[in-house]
Amino acid sequence: MLRGEKRGGRGRQSLAGQAFVLQLVVLGLVIGIGAVLAVLDARHDSDVTASREVTDVAVSVADAPSTIEALRTPAPTALLQPVTERIRKATGMDFIVVMAPDRTRYTHTTPERIGQPFSGNIDRALAGETFTETFSGTLGPSIRAVTPVYDDGRIVALVSAGVTRARIGDQVGTQLPLILGVAAAGLAVAAAGSFLLSRRIRRQTHGLAPDELRTMYEQHDAVLHSIHEGLVVFGPNSDGAEVVNDEARRLLDLPDGPVVRADLPISMQRMSWGVVRDEMHVTTDRILLVNQDVVTWERRPIGTVITIRDHTELRTVMGELDSVRGFAESLRAQAHESANRLHTVITMVELGRYREAVEFATAELQLSQALIDRLLTSVGDPALAALLLGKVNQAAERGIELTITEDTALDSTAPLSAQETVTLVGNLIDNAIDAAADGAVGWVEVTVRQQNSLIASDHAPAPAIEPAAALDAAGPANGDSALYVRVADSGPGMSAETFARAAERGYSTKADHHGLGLALVHRLVDRHGGMIGTERDPESAVTVTIPREDAR
């Protein structure tokens, strides 16, 4: 089912949409609560400020000399009322009341209330304390301060100054638009940020719902563990692999945990970053077919996907098939030549040249039969004998003389199997034939025998590059038995550096036929703890020595 059909048919909201709604709700609650707390804090600050202001005004009036002088007169109201009104208007108080100790008012904002008793608490002031309180008086709820007036150490009057809660509310109300404006701006910025974040999440999740993402992950994980091809995925700008499945770890012998390009075989590290199709790579134990693709999304690269298939068994079978095909081609060529020789012999008989006919027939027969008899007698493995015979005829068809040396003698191919022996000798001969074909007169010389080995018991399994002449000249060293193969040709040969690079490249190109064949030979020699070397003087040659089990 398509992703859009799946999401639309079930009416699910995407992960980005759910995150956007949740963020808006949370941010709205947080900003709303913050605005309420800001209003409450402003009201509390206004109360504290009002308490301090009314206390200062009350104490200032009580300590003023004019207040004490007015209280000493028979009619204090006439002197105090104008002064307290001026102070009240100048300081923004709602009332300033000067009263006698018995609560009788000398001043008031409303003149009609002068002479009436003060409504409020004065006991603490009569005890000499200045205090503030919130009290509902004649002007409504207010914050007021009450302080005593002293004359020669005696409390002769009390002063109360205050502001109504309505005035304080008006002061807070002037701050409310600013608080609400800041809250609205914060909510707008938060909503814009949430929208941009939801767009980013939508782009990264492709608009999928949470259950769709979970299903996709489960399917993705199941597919990665079930496919029989190795899969390695690299990001666009990362050297570390983002995805490595179980089959890739098995085929490439990768460690557990994170994988970087340096963990891959050397030949795969040197691959281009572009598209690669059916490229052959050789590891210690396997022959791998590698493909690489660059994955793009909306015309931009988002990663590189490498798929790996194991072709070890297939290449082994193909090697055996090539050997059989070569032997069959040799038989076909021999049959063709035999037919030609037979027609020649018949024609010579018809012409009455009987003696010449017999000599011609027996000479060719003896030459071919002598080689076959020698190989079947000296080489105990029939597959190797058939390979050598086939390569002789294959080389002859290309105009190259292939010679099997007289000291070629082998009772068994151990420690190599018949298939491994065919791979080893066949690839070396093929490379030699290719090298010799470039010259005017080409020749190849092959030696396969058993000899005493130079490889000690503690020899490291890694293939060493050693001059072949040193291997021949050293002679018996410790009496250990080894399989010895030497293939010489008339070609120019390879330097030690080129020979070493051929072992690392692990793939073959049309311009260079040494890649895959020599890489297979190197891995085979390495697997059996042998030695391989090359020389260019006096002739181009490759020498392989593999110790047998008792020598190893």
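Structure values in brief
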| item | result |
| --- | --- |
| Along principal axes, Cα extents of region 235-304, largest first, whole Å | 40, 27, 19 |
| Sequence of M494, M268 from largest to smallest accessible area, 1.4 Å probe | M494, M268 |
| Region 276-297 versus region 381-445: alpha-carbon centroid distance in Å | 30 Å |
| Unit charges on C-beta of K, R, D, E only; dipole of region 15-92, Debye | 180 debye |
| Length gained when the stretch E129-N340 is fully extended (0.36 nm per residue, less Cα-Cα span) | 61.6 nm |
| Region 51-155: relative contact order as a whole-number percent, Cα under 8 Å and 6+ apart | 26 percent |
| T447, T296, ranked by accessible area, largest first (probe 1.4 Å) | T296, T447 |
| Dimensionless Rg/Rh of region 255-295 - Kirkwood Rh, Rg from C-alpha atoms | 0.97 |
| Most positive-pole-ward Cα, A38, T147, A70, against dipole of region 38-163 from beta carbon charges | A70 |
| Radius 13 Å from Cβ of R250, net charge of other residues (Lys, Arg +1; Asp, Glu -1) | -4 |
| Value of Rg/Rh across region 45-179 [Cα atoms, Kirkwood radius] | 0.98 |
| Estimated translational D of region 18-92 in µm²/s (Stokes, Kirkwood radius over Cα pairs; 20 °C; 1.002 mPa s) | 131 µm²/s |
| Ordering of 345-354, 139-148, 256-265 by packing [mean C-beta count within 10 Å, highest first] | 139-148, 256-265, 345-354 |
| Fraction of alpha-carbon pairs over 21 Å apart in region 345-442 - percent | 48 percent |
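The values are calculated or read from the model by the stated rules, or taken from the named source; none is laboratory data. It should be emphasised that the depicted structure is a prediction, and the values quoted were computed from it without experimental measurement. No Cβ is skipped: glycine too gets one built from the backbone with ideal geometry, and neighbour counts run over all protein chains shown. In case anyone asks, the SASA skips ligands and DNA or RNA and just uses the protein heavy atoms, side chains included. Shrake-Rupley method; radii C 1.70, N 1.55, O 1.52, S 1.80 Å.
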